[in-house]
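> I am attaching a structure below and will ask some questions about it afterwards.
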Amino acid sequence: MSVVKDLSLASAGLLKIEWAKAHMPVLSKIRKRLTSEKTFQGLSIGMCIHLEMKTAVLALTLKAGGAQVAITGSNPLSTQDDVAAALASSNVDVYAWRGVTPEDHKQNLGRVLAHKPDIIIDDGAELSVAIHKEHRNLIGKTLGACEETTTGVLRFRAMEKDGVLRFPVIAVNDAQTKYLFDSQYGTGQSALEGVMRATNLLIAGKSLVVAGYGWVGRGIAHRARGLGAKVTVTEVDPIRALEAIMEGFDVAPMLEAARQGDIFITATGCRDVITEKEIQVMKDGAILANSGHFDVEVNVRDLERMAKETRTVRANVEEYSLRDGRKIYLLAKGRLVNLAAADGHAAEVMDMSFADQALAAEYLIRNKSSLRPAVYKMPIELDREVARLALEAWGKRTDRMTNAQRRYIESWE
């Protein structure tokens with residue numbers, strides 16, 4: 001029995017899903033094969049992921065492959081209630097609505113795990129951590145997990161290092177067809193879309209600070225520059241900082257950049273990137289946004305403590321009036337701005353990421369007897385299959401090596 005905000009919203013959600021599916025040809029091709037083979041017949045799949053229209057296409061793909069699917073959202077502000085209703089009307093077990101409390105979220109995780117999933121599709125390792133902590137009776141039942149995001153992969157690797165991981169995990173986030181496109185081009189576009197939708201302000205001419213120059217950060221930096229912003233990158237890794245310089249961006253410590261920035265977007269996957277000491281030197285009117293998985297990159301508690309008054313001035317825009325008269329604006333409560341204030345990544349990008357998820361889930365089933373509890377990279381042959389299908393969908397072809405060329409590159413003489 002699904003628990004959603006309003007089942008009457010289903011018709012609007014179904015239109016969204018139809019639109020997304022029409023622009024996700026790779027996953028559609030995989031769906032046809034999974035449906036024909038009934039790859040997941042008799043299996044339960046539990047999902048904790050941003051519940052929006054592209055995610056719905058993945059959930060329905062797994063269901064078409066024979067799975068019983070139960071899903072909840074991975075962020076309190078990213079669930080689209082009409083999409084949740086549409087999935088519930090399509091015989092998917094849905095436990096999600098926009099604006100869940102931490103208590104609601106924990107309960108919804110438990111509701112998904114009550115279905116005793118064989119496979120976990122995770123975003124931030126939340127279902128998997130819950131299994132390891134509160135639902136340990138499922139450890140023997142769960143064949144493995146497929147992890148969508150950097151934060152989740154880091155958590156799983158920490159679990160492996162500590163010797164507590166009890167089932168295999170495929171690091172879907174580390175697939176090239178995920179991070180080169182989803183993380184870079186997807187977030188680059190959608191994070192700025194979230195900022196622009198929330199504020200209705202111009203990017204051109206602004207000083208924009210990007211915290212972190214991983215694949216997400218560089219995507220945001222390049223798209224912001226394309227919109228006419230003067231971009232400064234902050235980093236803790238000297239190699240990434242050097243990359244940013246070589247690609248034409250300024251690099252500075254956050255405390256220094258804080259004095260100059262008009263807009264700040266965090267993309268590190270770590271906590272306390274912007275704290276009281278940085279806020280103290282920011283310009284009046286500075287805008288803070290986050291594109292990392294959890295709402296810990298901007299220290300909201302520091303901001304609340306510094307403010308004498310807080311008010312909502314636009315949807316997804318909170319104004320913090322500081323005691324010295326300055327105003328600082330926080331977007332989407334410090335949560336993922338691209339999903340809380342916009343629609344997330346473009347369908348064509350998520351097509352590849354969710355194709356990776358479907359193939360990773362299939363891989364766990366096919367290889368369940370040989371995979372030990374560990375974090376595994378996405379097999380390169382699956383990565384290349386997704387790229388091949390994407391090129392085919394776009395009507396593009398590549399060259400093929402001749403036998404002579406292959407012998408040449410494999411020879412040492």
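Coordinate-derived values only; no laboratory data. This structure is a prediction, so every number in the text was calculated from the model and none was measured. Methodologically, a virtual Cβ is constructed for each residue, glycine included, from the backbone with ideal geometry; neighbour enumeration extends over all protein chains shown.
> Looking at the range 187-335, what % of its DSSP beta bridges pair antiparallel, to the nearest 5?
Just about 40 percent of them are antiparallel.
> Ranking Y320, Y408 by Cβ neighbours within 10 Å, fewest first, what do you get?
The fewest-first ordering by Cβ neighbours comes to Y408, Y320.
> Right, here's the next one. Taking neighbour counts of Cβ atoms within 10 Å as a proxy for exposure, in what order, fewest first, do K277, K16 appear?
K277, K16
> Just to confirm the filter: which trypsin sites (Lys or Arg not before Pro) across the range 211-266 are DSSP coil and have at most 10 other Cβ within 10 angstrom of their Cβ?
Loop-located and lightly packed - none at all.
> Next question. Can you list residues whose amide H is under 5 Å from M47's amide H, if they're 5+ apart or on another chain and H is modeled 1.01 Å from N?
A70, I71, T72, I121
> Return the whole-Å distance between the Cα centroid of the range 88-124 and the Cα centroid of the range 331-373.
One Cα centre to the other: 15 Å.
> Given H placed on each backbone N at 1.01 Å, which residues far from F40 in sequence or on other chains put an amide H within less than 5 Å of it?
Close amide H contacts, sequence-distant or interchain: G66, A67.
> Hey, what angle do you get for helix 150-161 against the long axis of the chain, alpha-carbon based, 0 to 90 degrees rounded to 10?
Approximately 70 degrees, to the nearest ten.
> In which sequence would K29, K178, K133 go, from the one with the fewest C-beta neighbours within 10 Å to the one with the most?
In increasing order of surrounding Cβ atoms, one gets K133, K29, K178.
> With a ≥ b ≥ c taken as the square roots of the eigenvalues of the C-alpha gyration tensor of the range 255-307, please select rounded if a/c is under 1.5 and otherwise prolate if a/b is larger than b/c or oblate if it is not?
Oblate, because a/c is 1.5 or more while a/b does not exceed b/c.
> Convert 20 °C to kelvin, take the viscosity as 1.002 mPa s, use the Kirkwood radius over C-alpha pairs of the chain as Rh, and evaluate the Stokes-Einstein diffusion coefficient in µm²/s, rounded to a whole number.
Calculated translational D: 97 µm²/s.
> Using helices alone, I'd like the mean residue ellipticity at 222 nm for the chain: each DSSP H run of four-plus residues gives -39500 (n - 2.57), total over residue count, nearest 500.
Mean residue ellipticity at 222 nm (helix-derived): -12500 deg cm²/dmol.
> Going by amide H atoms built from the backbone, whose H comes under 5 Å of the H on D250, apart from near neighbours?
For D250, whose amide H was placed from the backbone, the distant partners under 5 Å are V231, V233.
> Okay, next question. Where does helix 53-64 land angle-wise versus the long Cα axis of the chain, in degrees 0 to 90, nearest 10?
In the chain, helix 53-64 runs at an angle near 10 degrees to the longest axis.
> Enter the angle in degrees (range 0 to 90, nearest 10) between the Cα long axis of helix 380-393 and the first principal axis of the Cα atoms of the chain, meaning the one along which they spread out most.
The angle comes out at about 80 degrees.
> Additional query: List, in order, the whole-Hz ³J(HN,Hα) value for each residue of the range 278-289 obtained from phi through the Karplus relation with A = 6.51, B = -1.76, C = 1.60 and θ = phi - 60°; use x for Gly and Pro.
6, 4, 4, 10, 6, 5, 4, x, 4, 10, 10, 9
> Can you give the FRET efficiency to the nearest 0.05 for L202 and A404, using r as the Cβ-Cβ distance and R₀ = 51 Å?
0.35
> So for the chain: antiparallel DSSP bridges make up what percent, rounded to the nearest 5?
The answer is about 20 percent antiparallel.
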